[in-house]
1. Do we have A60 as at pLDDT below 95 and within 17 Å of A118 (Cβ to Cβ) here?
2. How many residues does the stretch 58-86 contain that are touching a residue at least 60 places away in the same chain (Cβ under 8 Å) and closer than 26 Å to E146 by Cα?
3. Of all the residues that make up the stretch 151-210, how many are free of Cβ contacts under 8 Å to residues at least 24 places away in the same chain and not in a helix (DSSP H, G or I)?
4. Here are some conditions: (1) buried (at least 19 other Cβ atoms within 10 Å of the Cβ); (2) at pLDDT 90 or above; (3) among the small types (G, A, S). S138 meets all but one. Which one does it not meet?
5. Run S5 past the list (1) modelled with pLDDT under 95; (2) among the hydroxyl-bearing types (S, T, Y); (3) under 19 Å from the mean Cα position of the chain (by Cα) and report the number of the one that doesn't hold.
Amino acid sequence: MAPRSTTPRRTAEESRRRLEEAAITLFSQRGYDGTGTRDIAARADVAEKLIFRHYGGKDALLAAAVETAMEEVLDAYAERWSILGRQNYELDDIIPAYVRELRALVRQYRRPLIDLLALRADQNSSDADSIFGPVFTSLQHLVDEEARRQSWSLAEASLMMRLVSGLIISSALLPDLFASDDDPEPSENQLISSLTHLILHGAVSLPRTP
């Protein structure tokens, strides 16, 4: 008789959580090409076959791991903004924190994000626009509430949120944008200050609803 497995039985949800946590860690350290499904399963302490059962393969696991990692941070930020919304606050209170935390999030997962973008480009996939979906999903209802509070056009406020989020993401994903032989690379505080200024200036100029 074959020996009984000592691996603990886990729910499908727990197995996915362990796989995504292991995947985002290994993809961040080794990159997509340097990480195998066997490595991920071993780190997660689950059977390798579960990767294919739950995700279909390594590509989909990479996408799910990135999405989950982003959602956790952005949902926490959105919750803090929601709590602030029950009190009196100014945009100056929330925008610098958003810039700082989104930049930190993209820098932390820069390698898997770039790998995922490259995979989507190679596949010519129409899903490429959904990579940063968690950024917009987590904030959309808060932006709508802020638009009503400020009497902004909902459509203009939503577009503004997507544009400034794209600007923040690009600033962290593509640090070469700031590489120059003539000028010193800006500090993190300088970048946050400049991005905050641009966002606040843009918010002030948003059209008002009647």
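The values are calculated or read from the model by the stated rules, or taken from the named source; none is laboratory data. Only a predicted model underlies this, so the values are computations on that prediction, with no experimental measurement involved. Cβ atoms come from the backbone with ideal geometry, glycine included; neighbour counts cover every protein chain shown.
1. Details: at pLDDT below 95: yes; within 17 Å of A118 (Cβ to Cβ): yes.
The answer is yes for A60.
2. 10
3. Of the residues in that region, 12 qualify.
4. It fails just one condition, (2).
5. All conditions pass for S5, except number (3).
One line per residue, one yes/no per condition, for (1) surrounded by fewer than 15 Cβ atoms within 10 Å (Cβ to Cβ); (2) within 21 Å of E72 (Cα to Cα):
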{"residue": "F132", "(1), (2)": "no, yes"}
{"residue": "A147", "(1), (2)": "no, no"}
{"residue": "L159", "(1), (2)": "yes, no"}
{"residue": "G166", "(1), (2)": "yes, yes"}
{"residue": "F178", "(1), (2)": "yes, no"}
{"residue": "P186", "(1), (2)": "yes, no"}
{"residue": "T196", "(1), (2)": "no, no"}
